[in-house]
Structure formats: C-alpha cells, structure tokens
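Structure first, commentary second.
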Amino acid sequence: MNQILLKIITVSTIVLFLIIFYSFFRNTDFAISNSFSKIFGERQPDSSIIIIHITDSDIQQIGPWPIKRSYYALLLQYLNQLETKKVGFEIFLSAKFASQSVYDRVLQKELEKFNNLVLSSVAGDIKEINNQYITDSLSLPSPKLLNGNINSGHTNFIREYGIKIPLSIRYGNNSEKALSLVLFDKNIERPDIKINFISTWQKFTNYSFIEFLQKIQSNDPQLNLFKNKIVLIGISDRQLSSGISATFDDVIPGVALHAFALDNLINKRYILDEYYNYSIPVFIIFSLALIFIFRTAKLYWNLIAVFSLFFFLLLINRILNIELAYTYFLIPAIAQIVVEVYYKMIESRKVISGYFNETEILKNLLAKNEKQLFQLEKELNLTATGDSALLLDKIRELKNNLIILKKSEEDLKETILESDTNFNNFYGIVYKSPKMQLVVDLIKKAAPTDAAILITGESGTGKELAAKAIHQLSKRGEQKLVAVNCAALTESLLESELFGHVKGAFTGAYNSKLGKFELADKGSIFLDEIGETSENFQVKLLRVLQSGEFDKVGSENTSKVDVRIIAATNKDLLKLIGENKFREDLYYRLNVINIHIEPLRDRKEDIEVLISYFLTEEDIKYQISLAAKDALLNHDWKGNVRELESVLKRAKVFCQTDNRTLIQLNDLPKELIQTGKHGFEEMVLESLRSKRFSHSAINETAKELGNVSRTLISENFRGYSLKLYSEANYDIEKAVNIISQTSDVDVNIKVKSKLETWLTNISKDVDKCKSKDFDVVKSELISKYKNLPQKYHVYLDLVIKKILNQH
C-alpha cells in the first residue's frame with residue numbers, strides 16, 4: 001500500500017477513535033497538563049489568603065467532632081480583633097445537632113458582630129441547563145436561617161475532566177454564589193471556573209486551629225500578617241474532610257480547594273477549557289497537513305518538529321492557562337511516524353541468520369534425553385550392583401532434565417480447555433463441581449419462597465451473584481433488587497439512607513427522600529457484609545425483619561414495606577455472637593435458609609471451567625499453555641474466583657503487550673509458578689556453566705542441544721549476557737557473577753574476558769561513528785545486530801546508548 005494512503009487511513013481511523021472515546025482522551029489531555037505542570041514546578045499562591053484548618057490532632061485535644069461551636073465564636077472574635085478583611089467558613093454549620101443549641105447562641109452573637117463573614121451552604125444534585133447551573137435542593141447554615149443578613153456561599157464542585165466550581169447555582173427564584181466568589185466580591189462573567197492547582201496546598205500561609213490559638217496566647221508577632229487578609233476556616237482531618245486529588249497533592253482538604261479557587265479568581269489563573277473543543281478540528285486539519293509536510297523531511301527532523309510543537313502547546317497551557325486537545329495532535333502525528341518507521345523496517349529488514357524454532361529444539365532434546373534414559377535404565381539392569389552408583393546418578397540427572405524440558409515444552413504448547421457445553425452458567429455463576437451444583441439446587445428451592453436467606457463464604461466466592469440469582473428466580477424477580485454494602489454505611493448517614501426522611505425533617509431537607517427499604521418494596525434487598533454492622537443497625541434491621549415496619553426520619557407515621565431480605569457475610573457470625581458483636585436474635589431471623597459457598601480450593605474442578613470462561617468472554621480468544629494451566633490448577637486460591645479473574649486479566653495484558661494470544665508461565669505472578677520456566681537461553685547458559693565456559697564449550701553445547709549451529713549458541717550467549725549486563729545496571733562484576741553462578745576465580749576470569757571483549761568491540765565501533773546520534777550510530781552498527789536474536793536487540797540498544805552517554 002502507498003505510504004501516503006496508509007497515513008491518511010491511519011490518521012482518519014485514529015481521529016474517529018478519538019471522537020468516539022472523547023471522554024477518555026479528554027481525561028488523558030487533563031493528565032498531560034497535570035504532568036507538565038509538575039515538570040515546570042509549583043507557583044506561589046496568593047499571599048492575601050490564609051487557611052486555618054482543624055487537624056485530627058486538634059480534634060483529639062478539643063473534640064469530639066463536631067466540636068463545640070463556642071470554639072468557632074472564639075476564633076471569630078480573635079479574627080475580628082486582628083482586622084482581617086474577610087472570613088470564609090468552609091465547615092457547614094448544620095442545624096441537626098441538638099447538642100449544639102447552647103453554643104449556637106454564643107456563635108450567633110459573634111457572627112452578627114462580624115460584617116465580612118461568609119458561611120458555607122450545600123446544594124443537592126446540580127444540572128447545567130443553557131449555561132446555567134440549577135439544583136433541586138439547597139441546605140443553608142443554621143445561623144443564616146436565624147438571620148438572613150448573614151452571607152453564605154455554596155461549597156459544591158463538579159468532577160468533570162478536573163475540578164469545576166459553579167460560580168452561581170439557581171434554586172427556584174433564588175441563586176447562591178460560590179463561597180470563593182462571595183469572598184472575592186467581584187462579578188465574573190462565567191458560569192464556572194476550572195481549578196488550576198498551582199502548588200501543594202501547604203504553600204498557602206496556613207495554621208492549625210490549636211497553633212493559631214497558641215499564637216494568640218503568646219501574642220506572636222506573626223499575627224500582624226492577618227490584617228486585611230482573607231481567612232478560610234475548614235477541616236483537614238482526612239477522616240472527616242472530603243479528600244480531593246490535585247496536581248501536587250495526592251489528597252487536599254475541601255478548605256484548600258476553595259483557597260485555590262479564590263487564588264484563581266484573584267489572579268485570573270483558572271483554566272480556560274472553553275477552547276478545548278475549538279482546538280479539535282484545527283488539530284485534525286493540521287494532522288492531515290503533516291502527511292505532506294513529513295514527506296520531504298527526514299525521520300529525526302519529523303520527531304523533533306512534532307515534540308517541539310507539542311512542547312509549545314503545553315507552554316501555552318502553562319502561560320495562558322488554556323486547555324487544548326493535545327491528543328488530537330500528538331497521537332495522529334506519532335502514528336504517522338510509526339508508519340514511516342514501519343516502511344523503513346520493511347526496506348532495511350534482513351532475515352536474521354540463526355533463527356530457530358524453540359518448540360522444535362525442545363522436542364528434539366526431549367526425544368534425545370528419553371532415548372538416553374531408556375538406554376541407561378536398560379544398562380542398569382545388566383550391570384553388577386557395585387557398579388550401579390554412577391549409572392543411578394546419571395539416570396537421576398536425566399530425569400531432572402526431562403522434567404525441566406517437559407515443563408518448557410508444555411509452556412509452548414496450547415492446551416484444550418473445557419468448552420462452554422461442558423460446564424454450567426447459572427445467572428453468571430460458572431461451575432462444574434457437585435458442590436456448586438448443591439448450591440445452585442438450594443438456590444432454586446429457596447428462591448420462590450419469601451424466607452430470609454443468609455449467604456456465607458469467603459471473599460471472592462460469588463455471594464452477590466448468588467443473591468442476584470435468588471432474586472431473579474423469586475416471584476419478586478420483576479421488581480427491584482437493591483444492594484447495600486453495610487460496611488460502607490456510617491452511623492451519621494444510616495437512618496436517612498436506609499429509611500429515608502420527610503420534607504422538613506431537618507435543615508436542608510426540602511424534599512422527601514425514599515430510603516433503601518422503600519426502594520426495595522415488593523422486591524428484595526441484599527445486605528452485603530452484614531457481619532460488619534453496628535449494634536444500632538442490627539436493632540433497626542431486626543424490627544424490619546419482624547414486622548416490616550420502620551420510622552422515617554422526621555415522620556410521626558410508621559411506614560411498612562414488603563421486602564425479601566438476603567444477607568451475606570464472610571465472617572463467622574456465631575463467633576461474633578460469642579464476642580457480643582452480633583445479635584443472636586437477628587442471626588436466627590436472617591439464617592432461615594443458609595447457603596454456604598465453598599472456597600475455590602475445595603472445588604478444584606471449577607478452576608478449569610472458570611479459566612475457559614474468563615479467557616473467552618472478550619472478542620480476542622486467548623489460549624493457555626499446558627504448563628500455565630497446571631500452575632493455575634495447583635494454586636491455593638485464597639482470593640477465590642475474584643483472584644483467579646484478576647490473575648487472568650493480568651496475563652491477558654502481558655499477552656497484548658507482546659502481541660500474542662497464548663498465556664504462558666511468565667505471564668503469571670511468581671507465587672503461582674512452582675517450577676520456573678527454562679527457556680532456550682537458560683539451557684544454553686546452564687550447558688556452558690557445566691563446561692566451565694571453556695574454549696570448546698560453544699561447540700559442545702551446540703552438539704548437546706541437537707546439533708544446532710555454533711552461531712546460534714554463541715549469539716544467544718552474547719544476547720543473554722548483554723541482557724544480564726543491562727539488568728545489573730552496567731556493573732560488569734555483578735553481571736559476571738550472575739552469568740557464571742560460581743565463585744570459581746578461573747571461570748569468572750573467562751566470563752569477564754568474554755563480556756569485556758564484546759563491550760570493547762561495540763565501544764570501538766561506536767567511536768568510529770562521527771555522529772553521536774543513536775539512530776545514526778545504530779544504522780552504522782547494523783552488523784552487530786545481524787545474527788543476534790530479535791529479543792536481544794533492545795539490550796544491545798541500551799548498551800550502545802550507555803556508551804554514547806559516557807562519551
């Protein structure tokens with residue numbers, strides 16, 4: 001195919017792919033911008049912003065959480081005395097804590113003295129309609145409910161290719177500005193801003209709550225810094241604050257997010273993402289133009305041009321804070337270069353002499369060793385007892401060699417797995433074993449009833465799949481199955497989440513909300529990890545089990561539902577009952593029917609069918625070697641089916657990387673491989689070691705491995721040695737020890753001499769080259785690659801680059 005035509009087809013296909021997977025590549029562009037920001041380093045945040053944050057250490061001293069609001073009153077009193085310009089409260093002051101009512105009055109008085117205070121509010125679900133953000137609910141802080149003159153601003157943000165903050169959110173006829181915008185106190189003609197994280201959040205002037213109070217007590221001169229500054233108050237305890245990932249921090253607290261937003265507004269350095277979509281067609285047209293521009297230039301100039309332009313685009317992002325569609329330029333450009341490289345390889349490619357088929361060599365070696373073993377055993381039967389010791393040693397050595405060779409051959413041989421007609425797939429539960437058949441039979445019997453079911457078994461055995469099957473087969477199958485991870489429910493959210501609340505139940509409850517039990521009415525509810533629940537949860541659940549009744553938050557009426565309860569646990573509930581961690585009466589209510597799923601190690605016959613299922617569930621049909629399959633069958637699967645699936649996903653990734661479909665031992669984690677693979681290169685090296693790397697060792701090894709060519713052995717030895725030298729971080733002594741596997745001085749001298757000869761020859765040829773450019777040098781050293789097996793070319797590349805760097 002014509003090179004230009006191939007480039008046009010390639011670029012067009014890539015552009016179509018980029019458009020189809022727009023979201024993925026938008027995130028990729030955002031990640032590129034972040035990486036580039038890290039390379040250029042941090043910038044100094046605005047000095048007019050100060051953060052006071054409550055740490056976990058502070059809470060331990062003045063806690064528990066929520067801390068008494070009198071502390072906030074004290075804090076505001078001090079900040080007022082320090083003549084701060086403005087104060088923003090990132091902490092939401094909810095009205096639902098009755099224990100805070102006494103301190104609320106103290107705080108309220110102090111708030112009304114402070115003219116430039118902004119409290120935080122929280123909006124519900126946010127939608128963008130016609131370039132405006134609209135919410136279905138807005139929770140105001142309790143002080144503002146008492147005094148409408150107190151300023152407030154919302155603390156909501158949107159994760160959309162980064163972090164966006166709506167500058168204004170409409171709620172009914174009213175609107176609520178962002179906390180940062182209210183503190184900025186100027187109008188911005190934008191619906192939102194995308195946050196530019198210019199540094200770590202610790203670069204802001206910041207003090208912990210206790211640290212600030214200590215400075216007040218000691219009348220620290222640093223307190224003068226607070227005059228005419230904007231102070232943000234929030235919480236940095238990771239267990240209580242909403243963790244947000246940022247460019248220079250793994251996690252930042254919410255108060256830091258709004259500090260960055262305020263910094264961006266003050267300095268006009270928020271990210272301008274509105275140009276992103278406009279840049280896409282420009283880059284597409286430019287990518288097509290590159291096809292004809294690249295036609296006349298050399299490959300290395302094309303590479304320089306592409307990456308220089310890419311660097312320039314990133315500079316625009318850095319200086320002007322404009323986000324562009326980098327991937328729509330970079331990926332098509334790199335694809336064109338790949339096409340060029342492909343054509344150059346076709347033009348310059350030569351058949352590598354000494355190419356061999358590992359499978360054929362291993363078969364020949366197996367046949368030869370088996371023949372020798374047969375002859376030795378026959379000779380042993382005819383030999384006198386006193387002369388048999390040497391023969392027995394030879395036989396043992398041959399048998400060990402045969403085990404290794406068979407393992408290596410089996411790792412190159414595809415195995416036939418169970419076909420989908422030889423195993424069962426019951427609502428996603430793939431099995432063949434009688435033990436799982438009993439589980440399935442029990443599910444079929446129990447499903448049509450309304451009896452509570454407790455599913456037990458280790459993690460990863462498929463308890464949720466069993467719950468789904470029970471629901472589908474029940475008379476409630478057409479209704480909802482609502483799944484709840486009990487371990488993820490906190491005490492503070494529990495009642496509202498499970499049982500719902502009515503409108504006006506607490507501040508911010510502008511609408512009634514259905515709980516999980518109501519959502520599951522007439523259907524089923526799946527309570528996973530039931531053994532992780534608190535006693536409070538267990539009491540409430542027991543009442544629902546007994547009568548189907550519960551009380552919604554804020555309602556005087558008792559609600560009733562018709563729900564089938566399916567629970568699951570990987571814990572020993574009877575043991576927990578003995579430890580007073582689980583209610584006995586609840587256990588018997590849940591355990592009307594018990595379905596126990598055995599671990600995978602106790603139903604080995606299911607492993608092969610699961611392997612077959614996981615390898616054929618995608619478009620690419622993967623195969624597995626006999627050795628790899630044996631390794632999987634013999635493994636003790638502590639993570640059960642989930643671990644097996646994860647291992648096979650990993651193996652498929654490695655196969656894709658190497659452009660093959662046969663999963664081999666090297667694709668599996670080391671802990672699964674009991675006997676390591678012995679490839680051809682290891683056999684060569686072991687044979688040379690046994691011959692102490694003598695002058696005749698190469699010829700003898702060639703004969704020993706089936707009369708293969710001497711060049712094949714010597715080039716495999718050279719390539720494998722260069723590989724080990726590279727992996728030893730170019731330490732000759734270390735590489736020699738790995739190659740020789742002996743402390744024998746004479747042997748190590750021979751190996752070192754051989755390795756140094758190879759390296760010296762390469763270095764001399766590099767020195768002869770006038771250019772120091774790797775591509776130019778490599779093209780002139782083509783003879784060094786001629787007989788070297790392809791898999792070792794990358795290591796020769798590394799050695800040449802090392803030599804060039806030293807020069």
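The values are calculated or read from the model by the stated rules, or taken from the named source; none is laboratory data. All values reported here derive from a predicted model rather than from experimental measurement. Cβ coordinates were reconstructed from backbone atoms using ideal geometry, including for glycine residues, and neighbour counts include every protein chain displayed.
Filtering segment 789-797 for residues that are of a type in the set (Val, Ile, Thr), touching a helix residue (DSSP H, G or I) at 6+ places or on another chain (Cβ under 8 Å) and in the same structural domain as SER687 (by TED's automatic domain parsing) leaves an empty set. Quick check: is even one residue across segment 509-526 farther than 30 Å from GLU458 by Cβ, free of Cβ contacts under 8 Å to residues at least 24 places away in the same chain and assigned to a strand (DSSP E or B)? Yes. With respect to the stated conditions, LYS475 fails to be buried (at least 21 other Cβ atoms within 10 Å of the Cβ) and not assigned by TED's automatic domain parsing to the domain that holds SER646.
Among the residues of segment 696-708, not a single one is among the aliphatic types (A, V, I, L, M), out of contact with any helix residue (DSSP H, G or I) (no Cβ under 8 Å at 6 or more places or on another chain) and free of Cβ contacts under 8 Å to residues at least 60 places away in the same chain.
Can you find even one residue in segment 5-28 that is of a type in the set (Ser, Thr, Tyr), crowded, with 16+ Cβ neighbours inside 10 Å and assigned by TED's automatic domain parsing to the domain that holds VAL339? Checked segment 5-28: at least one residue is of a type in the set (Ser, Thr, Tyr), crowded, with 16+ Cβ neighbours inside 10 Å and assigned by TED's automatic domain parsing to the domain that holds VAL339. Restricting attention to segment 229-239, the residues being more than 24 Å from the chain's Cα centre (by Cα), surrounded by fewer than 21 Cβ atoms within 10 Å (Cβ to Cβ) and modelled with pLDDT under 95 number 1. Scanning segment 497-528 for residues that are small (Gly, Ala, Ser) and buried (at least 20 other Cβ atoms within 10 Å of the Cβ) yields a count of 5.
Which residue, of ASN570, ASN580, ASN557, is at positive phi and either over 37 Å from the mean Cα position of the chain (by Cα) or surrounded by 15 or more Cβ atoms within 10 Å (Cβ to Cβ) (or both)? Unique residue meeting the criteria: ASN580.
Under 7 Å by Cβ, and 6 or more places apart or on different chains, what pairs join a residue from segment 412-425 that is assigned to a strand (DSSP E or B) with one that is modelled with pLDDT of 70 or more and surrounded by 13 or more Cβ atoms within 10 Å (Cβ to Cβ)? Partner pairs satisfying both residue conditions: GLU414/GLN623; GLU414/SER625; GLU414/LEU662; ASN424/TYR431; ASN424/LYS432.
The condition of being of a type in the set (Lys, Arg) and in a helix (DSSP H, G or I) holds for only one of LYS475, LYS435, that being LYS435. Out of LYS503, LYS480, LYS516, LYS468, one residue alone is touching a strand residue (DSSP E or B) at 6+ places or on another chain (Cβ under 8 Å) and more than 19 Å from GLY548 (Cβ to Cβ). It is LYS468. For ASN149, which of the numbered conditions (1) closer than 20 Å to ASN511 by Cβ; (2) among the polar types (S, T, N, Q); (3) more than 35 Å from the chain's Cα centre (by Cα) fails to hold? (1) is the only condition that ASN149 fails.
Could you pull out the residue among LYS764, LYS770, LYS784, LYS734 that is assigned to a loop (DSSP other than H, G, I, E, B), free of Cβ contacts under 8 Å to residues at least 24 places away in the same chain and of a type in the set (Lys, Arg)? Unique residue meeting the criteria: LYS770.
Against the test of being in contact with an Asp or Glu (Cβ under 9 Å, 6 or more places away or on another chain) and surrounded by fewer than 12 Cβ atoms within 10 Å (Cβ to Cβ), the options LYS768, LYS784, LYS778, LYS772 yield a single qualifying residue, LYS768. Taking segment 785-807 as the range and being among the basic types (Lys, Arg) and under 17 Å from GLU727 (Cβ atoms) as the test, the residues that pass are LYS791, LYS801, LYS802. Every condition in (1) at pLDDT 90 or above; (2) in a helix (DSSP H, G or I); (3) surrounded by fewer than 16 Cβ atoms within 10 Å (Cβ to Cβ) holds for GLU682 except the one numbered (1). Looking only at segment 96-109, decide whether some residue is under 30 Å from ILE163 (Cα atoms), crowded, with 19+ Cβ neighbours inside 10 Å and not hydrophobic (A, V, I, L, M, F, W, C). Looking for residues that are under 30 Å from ILE163 (Cα atoms), crowded, with 19+ Cβ neighbours inside 10 Å and not hydrophobic (A, V, I, L, M, F, W, C), one finds none in segment 96-109, hence no. With the condition kept exactly as written, say whether any residue in segment 178-185 is in a helix (DSSP H, G or I), at pLDDT 95 or above, out of contact with any helix residue (DSSP H, G or I) (no Cβ under 8 Å at 6 or more places or on another chain) and of a type outside the set (Phe, Trp, Tyr). So far as segment 178-185 goes, yes, one or more of its residues are in a helix (DSSP H, G or I), at pLDDT 95 or above, out of contact with any helix residue (DSSP H, G or I) (no Cβ under 8 Å at 6 or more places or on another chain) and of a type outside the set (Phe, Trp, Tyr). Count of segment 265-284 residues, restricted to those that are free of Cβ contacts under 8 Å to residues at least 24 places away in the same chain and not basic (Lys, Arg), is 4.
Filtering segment 293-305 to residues that are hydrophobic (A, V, I, L, M, F, W, C) and at pLDDT below 80 leaves ILE293, PHE294, ALA297, LEU299, TRP301, LEU303, ALA305. The requirement of being out of contact with any Leu (no Cβ under 6 Å at 6 or more places or on another chain), in contact (Cβ under 8 Å) with a residue 40 or more places away in the chain and within 26 Å of THR507 (Cα to Cα) is fulfilled nowhere in segment 38-46; no residue meets it. Given the condition at pLDDT below 95, of a type in the set (A, V, I, L, M, F, W, C) and exposed (fewer than 14 other Cβ atoms within 10 Å of the Cβ), answer yes or no: does some residue in segment 133-141 qualify? No: zero hits.
Evaluated against (1) within 37 Å of the chain's Cα centre (by Cα); (2) surrounded by fewer than 20 Cβ atoms within 10 Å (Cβ to Cβ); (3) among the aliphatic types (A, V, I, L, M), ILE455 falls short on exactly one condition, (2). Given the criteria in contact with a Phe, Trp or Tyr (Cβ under 7 Å, 6 or more places away or on another chain) and over 22 Å from SER524 (Cα atoms), does LEU576 qualify? Yes, satisfied. The criterion of at least 2 residues that are among the small types (Gly, Ala, Ser) is met, among strands (runs of 3 or more DSSP E) falling completely within segment 5-124, by 117-123. Of everything in segment 248-279 that is assigned to a helix (DSSP H, G or I) and aromatic (Phe, Trp, Tyr), the residue that is surrounded by the fewest Cβ atoms within 10 Å (Cβ to Cβ) is TYR278.
Just name the residue that is farthest from SER33 (Cα to Cα) out of those in segment 149-187 that are in contact with a Pro (Cβ under 8 Å, 6 or more places away or on another chain) and of a type in the set (Ser, Thr, Tyr). Out of the qualifying residues, it is SER152.
Among the residues making up segment 170-182, a single one is over 23 Å from SER245 (Cβ atoms) and touching a His at 6+ places or on another chain (Cβ under 6 Å): GLU176. Would you check if VAL799 is closer than 30 Å to SER709 by Cα, surrounded by 12 or more Cβ atoms within 10 Å (Cβ to Cβ) and touching a residue at least 60 places away in the same chain (Cβ under 8 Å)? Spelling it out, VAL799 is indeed closer than 30 Å to SER709 by Cα, surrounded by 12 or more Cβ atoms within 10 Å (Cβ to Cβ) and touching a residue at least 60 places away in the same chain (Cβ under 8 Å).
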